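The structure appears below as structure tokens.
The values are calculated or read from the model by the stated rules, or taken from the named source; none is laboratory data. This one's a predicted model, so the numbers in the text were calculated from it and none came from an experiment. When we count neighbours, we look across all protein chains shown, and the Cβ atoms used for this are built from the backbone with ideal geometry, even at glycine. Ligands, DNA and RNA are excluded from the accessible area calculation, which covers all protein heavy atoms including side chains. Shrake-Rupley method; radii C 1.70, N 1.55, O 1.52, S 1.80 Å.
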Amino acid sequence: MILFQNQELSIRTLEPNDAELLEKWLSNPVVLEYYEGRDRPHDQTLVQQHFYDGADTVTRCVIIYESVAIGYIQFYEIDEEEKEEYGYGEFSGNIFGMDQFIGEPPYWNRGIGTRLIKDTVQYLINQHQAARIVMDPQAWNARAIRVYEKCGFVKKKLLPQHELHEGEYRDCWLIEYDRDKGLLQLR
């Protein structure tokens, strides 16, 4: 099911036959350097566990550009534990988290990621009444952070040793898009 489309860019919900794409993307060391880590290549078993098993509240999608599946994006309403960890314990609005990667390196550095983030933020605001959208990119991933900042996200809090990546715990930034402050960057 297509969730949104803006010209040649769309996202659709993950389907069972997308497992082969996920395995392809998540066994490519170039992609894994930024997502999951080169020490965690995914085979079909790991893809099933990570993306298909269990009933959860994550909306999992494939990114389509010019009719080609090029990556993965997921979003979810953050739970109470994450709200506390991120400093939103008293916040009453809807807060969504999102994670994504472009799994086809020839599509990197073409502005597609920026369009994807802007379109997904707009979708979450319009369709899910998201008041805040948060992500936690690894602090060393300057290219991703630049894209997010270009889309109106701001660094809120350093999360020391937050994510295991390639055998060590890495610092991440909690970044936030505030619906009430950031609408201008979406245009």
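Summary table
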{"quantity": "Viscosity 1.567 mPa s, 4 °C: Kirkwood-radius Stokes-Einstein D of the chain over Cα pairs, µm²/s", "calculated": "76 µm²/s"}
{"quantity": "Values of log10 I(q)/I(0), in the order q = 0.21 Å⁻¹, for segment 6-78 under a Debye, Cα-only, solvent-free model", "calculated": "-0.99"}
{"quantity": "Coordinate range along principal axes, alpha carbons of segment 116-187, Å, largest first", "calculated": "39, 21, 19"}
{"quantity": "Computed over segment 48-98, the ratio Rg/Rh where both radii use C-alpha atoms and Rh is Kirkwood", "calculated": "1.10"}
{"quantity": "Contact order relative to length of the chain, as percent, for alpha carbon pairs under 8 angstrom and 6 or more apart", "calculated": "17 percent"}
{"quantity": "Structure-based [θ]222 nm, the chain - -39500 (n - 2.57) summed over DSSP H runs of at least 4, per residue, nearest 500", "calculated": "-7000 deg cm²/dmol"}
{"quantity": "Between segment 104-127 and segment 63-88, the alpha-carbon center distance in angstrom", "calculated": "12 Å"}
{"quantity": "Top of 94, 109, 28 by mean-square fluctuation, Gaussian network on the chain, Cα under 10 Å", "calculated": "109"}
{"quantity": "Local electrostatic count at residue 41 - Lys and Arg +1, Asp and Glu -1, tallied over other residues with Cβ under 15 Å", "calculated": "-4"}
{"quantity": "Selection of GluC sites (Glu not before Pro), segment 71-126, meeting DSSP coil and at most 11 other Cβ within 10 Å", "calculated": "90"}
{"quantity": "Accessible area of the chain divided out per residue, in Å², using a probe of 1.4 angstrom", "calculated": "52 Å²"}
{"quantity": "Heavy-atom accessible surface of segment 107-187: percent carbon and sulfur, 1.4 Å", "calculated": "47 percent"}
